[in-house]
Amino acid sequence: MKPLRILQVVTIMNRGGLETMLMNYYRQMREKGIQFDFLVHRMEEGHYDAEIRALGGHIYRMPQIKPGNYRRYFRELDAFFAVNRQYKIVHSHMNENSGFVLRAARQAGVPCRIIHSHLSDLGLDYKYPFRLYARMAIKDHPSDYFACSERAGEWLFGKRGGSSSKVTVLHNAVNAADFRYNENVRQAVREELGAGDAIVIGHIGRFNEQKNHRFLLQVFEAVHRRNPNTLLVLAGDGHLRQLMEKEAEKRGIVHAVRFLGVRGDIAALLQAMDLFLFPSLFEGLPVVLVEAQAAGLRCIVSDRITKESDITGRVSFLPLELSPEAWSAAVLGASYEHADTRSQLRESGYDAESMADWLGDFYRARIGAGGKG
């Protein structure tokens, strides 16, 4: 029997939270007759592309969505769906830009068109008017509305009423078993980091404005001033990385900060940490925060992140209006033990194995129902 092929629409399959979640589902669902293909919006290779091909997935490339490029982009979308008529389900993770994709899918007769919100806010910049235009373009093109949290759903869709337009919250699930605490793994990674017996404070995320790395470094400077036996570990890459490396040098803490770049061993890296620090300006419900809790870590995060993200009772929310010194007091006053949180993740619907079963059943049911039109 041929697998049921689902077209997942993303920006690029790098090691971000959304992309990692999709791969968690993909690996589980492929064994049960569901195959993911990917429509991406970058010409360069993504970190997961080789694995996707090895698993039998196809990768199609579209031009980047940007002001001045809309006409070309719409033409290429229409041409893609005119040729690739095998897809009965298109699942788009492009936030407000999903409306463009699902318009073309609807015109091509795709019955099931899922729009999936992964954010709860966007900062004001020169792109803001174009984002408003994209949000207005969503209209009735989706057949189904998904969000990673209630707050993310309200941000993109507003409060939707009626049985045909309700938002389904699909949790950002992880493979909980991968994050089970292992002392040998912890010691090996800490040796690699040169951590010794230091308190290791960790952060994982792209170096962009949203993740608020400058404030994070200010907090760590205050932490390190009060307790020099501390180490900050930053995993990820992005256009602000070099600027943040200079910031750490300017603040005199570069010797106590590890810039690790993109890592493929996040579960192991979390084992080496004693606390997870996440002062983002906005988020949906970040996968990496679920992973940190799956590893049993205490997490101190900004109050801009939805309270739904506290799955285990191990997340503390602090206002960004507080000083770095106030944040540092919370960091140094926390307990650093790793807890076993697997049962909490399973019961809350954040374990990928059980959620993959749910999503697979949803896809099959929507094909059986013929879509909503």
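Every number here is computed from the coordinates shown, using simple stated rules; none is lab data. Just so it is clear, the structure is predicted and the values come from calculations on it, not from any experiment. Methodologically, a virtual Cβ is constructed for each residue, glycine included, from the backbone with ideal geometry; neighbour enumeration extends over all protein chains shown.
Per-structure values
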{"quantity": "Longest site-free stretch - the chain; sites: GluC sites (Glu not before Pro), DSSP loop, at most 12 other Cβ within 10 Å", "calculated": "45-320"}
{"quantity": "Candidates per trypsin sites (Lys or Arg not before Pro) in the range 39-119, loop by DSSP, up to 14 other Cβ within 10 Å", "calculated": "R85"}
{"quantity": "Degrees separating the helix 98-107 axis from the principal Cα axis of the chain, which is the longest one", "calculated": "20 degrees"}
{"quantity": "Per-pair calculated FRET efficiency, R0 = 35 Å: N184 and K32 via Cβ, rounded to 0.05", "calculated": "0.60"}
{"quantity": "Rg(Cα) / (2.2 N^0.38 Å) computed for the chain, rounded to two decimals", "calculated": "1.01"}
{"quantity": "Euclidean distance of C-alpha centroids, the range 18-43 and the range 194-254, integer Å", "calculated": "32 Å"}
{"quantity": "Label-point gap, in nm, between N227 and M1 - each point 7 angstrom along Cα→Cβ", "calculated": "5.5 nm"}
{"quantity": "FRET efficiency estimate (nearest 0.05) - Cβ-Cβ, R85 to L243, R0 51 angstrom", "calculated": "0.65"}
{"quantity": "Ordering of 1-8, 63-70, 229-236 by burial proxy (mean other Cβ atoms within 10 Å per residue, highest first)", "calculated": "229-236, 1-8, 63-70"}
{"quantity": "Helix 17-30 axis, angle to the chain major axis (alpha carbon atoms, nearest 10°)", "calculated": "60 degrees"}
{"quantity": "Cα-based reach from K211 at 23 Å (exclusive), listing lysines while leaving out same-chain residues under 8 positions away", "calculated": "K66, K127, K246, K250, K307"}
{"quantity": "Estimated FRET transfer efficiency when R0 is 41 angstrom, pair R72-E321 (beta carbons, to 0.05)", "calculated": "0.40"}
{"quantity": "In the range 288-373, the chymotrypsin sites (Phe, Trp or Tyr not before Pro) that fall in loop regions by DSSP, at most 15 other Cβ within 10 Å", "calculated": "Y336"}
{"quantity": "Added length on full extension, which subtracts the Cα-Cα distance from 0.36 nm per residue, R346 to R61", "calculated": "99.1 nm"}
